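The values are calculated or read from the model by the stated rules, or taken from the named source; none is laboratory data. Predicted, not measured: the structure shown is a model, and the values here were computed from it. Backbone-built Cβ (ideal geometry, glycine too); neighbour counts: all protein chains shown. These area figures cover heavy atoms from the full protein model, side chains too; ligands, DNA and RNA do not enter into them. Shrake-Rupley method; radii C 1.70, N 1.55, O 1.52, S 1.80 Å.
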Amino acid sequence: MRQRHASQDARRAREFEAFVAGAAGRLLHAATLLTAEAPDDNPRARRLLTLALAHTYACWDGLHGEDPYDRTRQYLATRFARGAWHQYGGLAGARPHPASPLAGLAPQERLVLVLRLYEGVAEEQAAALLGLPTERVHTICDRATATLLHPPRGPAPAVGGAKMAPS
């Protein structure tokens, strides 16, 4: 009995190591995009990934044919959302690294954008994962994409503030 248990543990460890070897790079990149940290300086993203992988390993035997990548990505997203909520009082005010390509987006916008465009998650799945209506996910994704494509400019000049010279 003890030998069979040790054999199962060894098999589980090998399977999980193979999963991590294949998926950790992409998951770390997704976590780095979520946290809006610089790719070479991303301690929050690494911690987020470590927590997600630990969770996946803990429920590895209970996956029963479920894709471990999907489970890890789901935990990564929900953990990020929960952390942003607790740290900043919502998904609105996280302080991203200025070198990040997604630095100008709010955490919720980053989350939706990473799920939809980087990870390729369908709107319906992203909405279910985040507990939002599908239309809201669509709107957030559109707004975030527009912000990235057309970043806001500096403050607009005051209208009527300048006096015209007499003719």
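Worth a mention:
- Restricting the first member to the stretch 62-80 and to residues that are within 21 Å of GLN8 (Cβ to Cβ), and the second to residues that are of a type in the set (D, E, K, R) and open to solvent by 40 Å² or more (accessible area, probe 1.4 Å), the beta-carbon pairs closer than 7 Å and six or more apart or on different chains are LEU63/ARG71.
- Within the stretch 99-141, being open to solvent by less than 30 Å² (accessible area, probe 1.4 Å), of a type in the set (D, E, K, R) and assigned to a helix (DSSP H, G or I) holds for GLU109, ARG110.
- When the stretch 20-44 is filtered for residues that are farther than 20 Å from LEU113 by Cα, in a helix (DSSP H, G or I) and within 19 Å of the chain's Cα centre (by Cα), the ones remaining, listed by number, are VAL20, GLY22, PRO43.
- Residue match in the stretch 31-42 (condition: more than 23 Å from PRO101 (Cα to Cα) and open to solvent by 40 Å² or more (accessible area, probe 1.4 Å)): no
- Candidate set from the stretch 1-14 (those that are basic (Lys, Arg) and open to solvent by 70 Å² or more (accessible area, probe 1.4 Å)); member that is nearest to VAL114 (Cα to Cα): ARG14
- Just one of the listed residues (GLU66, GLU17) is modelled with pLDDT of 95 or more, among the acidic types (Asp, Glu) and either in a helix (DSSP H, G or I) or open to solvent by 60 Å² or more (accessible area, probe 1.4 Å) (or both), namely GLU17.
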